[in-house]
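As structure tokens, the structure follows; a few thoughts come after it.
Bear in mind that the values in this text are calculations on the coordinates, not laboratory data. Remember, it's a predicted structure, so these values are computed and weren't measured experimentally. All Cβ positions, glycine included, derive from the backbone under ideal geometry; neighbour counts span all protein chains shown.
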Amino acid sequence: MKTSGNTILITGGGSGIGEALAHRFHDAGNTVIVSGRRKEALESAIAGRANMHAVTLDISDKASIADFAQRITTDFPALNVLINNAGIMRVEDPSSARPLDDAEATIATNLLGPIRMIDALVDHLKAQADAAIVNVSSGLAFVPLPATPTYAATKAALHSYTITLREHLRDAVEVIELAPPGVQTELTPGQSTAAGYMPLDAYIDEVMALFAEQPTPAEILVEQVKPLRFAEASGKFGEIFARMAQVVKQRG
């Protein structure tokens with residue numbers, strides 16, 4: 001993936017990993033558009049930065065995505081990179097019947113959102129030079145955290161979808177998966193200062209170095225996420241999953 005001279009759209013770009021990526025790609029000489037639900041967060045993310053733009057979007061709303069895509073490609077016809085970063089993470093207990101609002105919202109945001117966004121923009125991207133799609137999954141796609149079953153399931157599905165999308169778009173659009181470990185952001189309450197989570201700046205430093213490699217890896221994997229990504233291959237899946245489940249029991 002070319003790392004400068006692009007026009008990049010980052011969903012969920014008003015905070016956390018999305019905002020940090022937006023700033024680094026902007027610093028590298030790209031025009032960057034950030035989208036998300038919260039206008040105030042988006043405006044803060046682009047403050048004082050020329051060639052950064054904010055456009056509100058509810059990624060879980062099918063009709064909103066169609067309208068958004070039409071507007072973005074009209075206003076930014078050079079758009080050639082889509083980074084599907086928006087996501088939510090909810091704690092759930094599926095051991096008894098419960099309202100499924102959190103599960104349904106997680107699927108709509110984390111899985112249907114990227115699929116719909118890709119569908120809305122793929123024909124435009126195929127017509128651009130140096131086009132790329134980056135799907136942000138998670139280390140939990142490979143070893144799920146029991147406390148967040150639907151989140152992990154959506155990320156596992158997005159990993160699978162990315163693999164098949166890459167094959168369909170071979171020689172037309174570069175398709176990359178970015179799979180973070182636990183990073184110090186506000187994805188969940190208290191996570192931004194939690195011990196054991198990777199500091200955001202350190203994570204983005206490592207990610208940008210990987211994006212700069214030629215050719216860009218199909219999967220952007222920092223060292224801290226590799227035990228999860230390769231848990232099955234290393235024969236350590238059961239050990240790692242049991243350890244994660246024990247943490248959940250201790251917190252409960």
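Couple of notes before you dig in:
- Taking a straight Cα-Cα cut-off under 18 Å and skipping sequence neighbours fewer than 8 places away in the same chain, the lysines within cross-link reach of residue 2 are 126.
- Taking the Kirkwood radius as Rh and the Cα radius of gyration as Rg, the stretch 7-251 has a ratio of Rg/Rh equal to 0.95.
- Each of 4, 23, 78 was scored by the projection of its Cα onto the charge dipole of the chain, and the greatest displacement toward the positive side belongs to 23; charges sit on the C-beta of Lys, Arg, Asp and Glu.
- Once the chain from residue 223 to residue 40 is taken as fully extended at 0.36 nm per residue, the excess over their C-alpha distance is 62.5 nm.
- Mean Cα-pair separation over length for the chain, i.e. relative contact order, pairs under 8 Å, 6 or more apart, %: 18 percent
- Cα-based reach from residue 236 at 22 Å (exclusive), listing lysines while leaving out same-chain residues under 8 positions away: 155, 226, 249
- Sites residue 233 and residue 191 - FRET efficiency at Förster radius 22 Å, r taken between beta-carbons, to 0.05: 0.20
- GNM on the chain, alpha-carbon springs under 10 angstrom: the most fluctuating residue among 176, 72, 83 is 72.
- Contour minus Cα-Cα distance for residue 70 and residue 56 (0.36 nm per residue): 3.7 nm
- The amide H of residue 53, built 1.01 Å from its N in the peptide plane, has 32, 33, 34 as neighbours under 5 Å, considering only residues 5 or more places off or on other chains.
- Restriction of the GluC sites (Glu not before Pro) in the stretch 186-252 to DSSP coil positions whose beta-carbon has at most 16 other beta-carbons within 10 angstrom yields 186, 213.
- Only aspartates and glutamates eight or more places from residue 62 in sequence, or on another chain, were considered; those with a Cα closer than 16 Å are 104, 119.
- Largest GNM mean-square fluctuation among 152, 212, 86, using the chain with Cα springs under 10 Å: 212.
- Zone of residue 246's modelled label, taken as backbone nitrogen in the stretch 218-233 under 19 Å from a point 7 Å along Cα→Cβ: 227-228, 231-232
- Based on DSSP H segments of at least four residues, each scored -39500 (n - 2.57), the chain has a per-residue ellipticity at 222 nm of -13000 deg cm²/dmol.
- Taking trypsin sites (Lys or Arg not before Pro) across the stretch 149-231, the ones in a DSSP loop with at most 10 further Cβ atoms lying within 10 angstrom of their Cβ are 170.
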